[in-house]
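What follows draws every value from the coordinates through simple rules; no lab data is involved. This is a predicted model, so every value here is computed, not measured. Virtual Cβ from ideal backbone geometry, glycine too; neighbours counted across all protein chains shown.
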Amino acid sequence: MNDGASGGRIAFEVDGTTLTVRDVIEGEEMRLGVDREPDLSPALPALFPSPVDDAVSFEAESLTVPEYTSIVVRDDGGEFIGRPSEPMEFPRGSYCIEITGVTKASLRFEDAELSVSGVEGSDPVEVALDRPTTVSLGARSLHTRPEATITVPDDPEALAEAVSVLGSSIREFSAERSWPTLRGYPPQIRRGESLDIPSPLTVPDTGVEVVVRPTYADVYRLSTLAYYLGAPMTIGKVPAVRLDNGYTERLPTDGRGLEERAEELLRTWFFLDTLVRTDGYTLSDREEYDQVGAQLPFYPPNLDELSPSERLMEYMEVDPETVAPYTPEWSTEAVLRPGPASAEVLPHLAHVLAPVRVRGSTERTRTGDPVGLTTADRPTDSLRSPPRDGGPVPDPDADPLPAWTAAALPAGYEHALRRKTPNPGEANVTLLVQSADRAQRLHEALTTPSLAAGVGSLSVLETPTADTVVEVLSDPSIDLLYCDLPLDGGTPVADSDPVETPRRAAADGRSAPAVSVFEGSQSVAIGADAVRRGGTGSAVIDGRIPDDRIRTLVELLASVGLALDTSLATLQLSGRSPVRFAGDSATVVVPPNPPTPRLSFFESVTESEHRLTWRTVLSPASWLGAEHQIVYDCFDDKTRLIGRDPTERPTLPSEVVVDWSTEPDTTLFLNGQFVSPNVDLTVKDVEESARRALAADDSSADAPTELRADSECHD
């Protein structure tokens, strides 16, 4: 079932023998070469096994795909046939070739013999047919940004109408909606004088409704669930989920009970969707399926053809406690204040399936103040993200905010949508440093034996003047700013006033660096100021990051593309140096490379044997619902949901550690030390690290520093 309206998300254009697929939302173009000038006619999107926003047909005998990131051949029903890593011939039949690049496209051929040249480096892929044939081309926007903006007055009933169309970004409401690539980015919400829902946006027809009372708190608590279900919000006296078969699931009327039940339903229904889809568009042999499948009262793939209401009726038979141990942790959880200003952050939270709780007050808030807080990735002794412990919900009115939380600011998400990230290796990094001695140490750390990976431009400014500080705090060309000046109080630096300097930047209406890290503060005010003026996210540290870890932080952000909070969590800072955030704590300096960051932590148990812990990280390129597979002998060949990691901790020889360090999808830590992308790791390096770690006492063994070597980076 495909309920998502295209609304002009995709356009097709012909220029001679070049056929261009234009992703209207992304502003990107994919070009295909055709052996003749194509004469386009509309085609049915239903011809394709996976959702497309629009489709055309034309006649051709051969086609060329110049640019792509992956190509997959399937039969016309969507069954996987293969990846053309070498030239392949296909007998007469019906086929679909999926192309992933700057957008998603699918070529359909009926009753044709195909030959496909192999995918080799960056060479174009050629598709040849045995005779001129009608080819259908469908395309789907990657939809990584909102399609439109809804204007909402300060009225919770109007907001409920706006939330009802957030699900318009979801391409279909079968269990496949659990794939992040099929959910898209919900439309934005802006406060205004009256309700205005742009015409491309429609309320999905799923047969499911979410009933809310006309309060901001109710709407907020049920917003993410309503989005995922594609359910319109209707006003009623008792919160409920109502199905078109007549069944109504009543929800608790007390606020905290309501948010707990909403999260429980979202977690359970989302996870069960991921099991139902295992025989769907992308076949998978899932570890979680083996773990929980036998405990379910149904065979999950049998639910694939059911309507949303019928599927939910089956899901209601499952005890949430049965699946809870196997579900991934949320990448984000939110606590919002119950006023109208929080409305603008709802689409960004729905996008990452964040549960929403409501606390705090609205009396003290002013325009531009944080609308609540969100959770951040945080460290543990084992360098793994801990499960949520069900502890007390943090208070957004607390001053200072709890450690490892972020002051929620809609501006941070909006700036990220507009920001152009630097090309690989071209990040502009600037440090504002209070003392000349430390400036010299940091400059040496970031340039010796080579410039930190990912950095294209580096400036280390010591004891800067007030004018210099204002200029740097206002420079949008800076991708990453690190500052140890006491900008929210303390001893002035040079001729700068520590409080007035950032105020000058704000008063002048200036912009800000994309990502900022500030040392020496309990308050997130300086970070929030940077986000409001143009930043995407910032971190404030009540303490100092040791000099020998600054390069690690810079490379994790500028080269690996880890999120800000995850990068700081891996540093294992002292508990006496709490970290707080403003804006999006999961903001990135560069796009993650690869899209699903994989962190591997080796701890030496002998000089030649090292215990492995593995962690995957949710990111802007791979949100909840994506899968990964570990193709190493020490693990089974099962796929797993991102955020669900193997529990095995195998012990591996030094040679395997070296092999892992060359894998492009692995970010490696050895005995707490980050292995820089500039390192050509050797067995000798590994065993020297083991000797140091085994000889050190427990008090110093977990202090991560950076491992560097005079070498080139691996491809």
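For segment 10-140, give the magnitude of the charge dipole about the Cα centre (Cβ charges: +1 Lys/Arg, -1 Asp/Glu; no others), in debye to the nearest 20. Could the numbers behind the result be given before it?
On the way: 10 positive and 27 negative charges, 53 e Å.
Computed about the Cα centre, the dipole is about 260 debye.
Tell me which lysines have Cα within less than 29 Å of Lys104's Cα, excluding those fewer than 8 residues away on the same chain? Cross-link targets: Lys420, Lys638. When the Cα positions of Gly293, Tyr216, Gly280 are compared along the charge dipole of segment 149-358, Tyr216 comes out farthest toward the positive end, with charges on each C-beta of Lys, Arg, Asp and Glu. If you work out volume of the Cα convex hull per residue in Å³ from the coordinates, which of (1) 164; (2) 151; (3) 188 do you get? Comparing each candidate, only (1) matches the computed number. Evaluated with a Cβ-only charge set (Lys, Arg +1; Asp, Glu -1), the chain carries a dipole of roughly 2040 debye about its Cα centre, given to the nearest 20. Residue separation of Arg441 and Ser457 scaled by 0.36 nm, minus their Cα-Cα distance, works out to 4.0 nm of gained length.
Within segment 1-94, the GluC sites (Glu not before Pro) that combine a DSSP coil assignment with at most 14 other C-beta atoms in a 10 angstrom radius are Glu67, Glu79. For segment 157-162, backbone phi angles converted through the Karplus equation (6.51, -1.76, 1.60; θ = phi - 60°) give residue-by-residue couplings of 5, 5, 5, 4, 5, 5 Hz, Gly and Pro being listed as x.
Dipole of the chain computed with +1 at Lys/Arg Cβ and -1 at Asp/Glu Cβ about the Cα centre; of Val238, Thr253, Ser361, farthest Cα towards the positive end is Ser361. Each label point was placed 7 Å from the Cα along the Cα-to-Cβ direction; for Leu40 and Val14 their separation is 0.9 nm.
Test of understanding: what is the full-extension gain from Glu471 to Thr282, defined as 0.36 nm times their sequence separation minus their Cα-Cα distance? Don't jump to the answer; show the numbers that get you there.
On the way: separation 189, 0.36 × 189 = 68.04 nm, distance 5.00 nm.
So the chain would gain 63.0 nm between Glu471 and Thr282.
D by Stokes-Einstein for segment 183-250, Kirkwood Rh over Cα pairs, 4 °C, 1.567 mPa s: 98 µm²/s.
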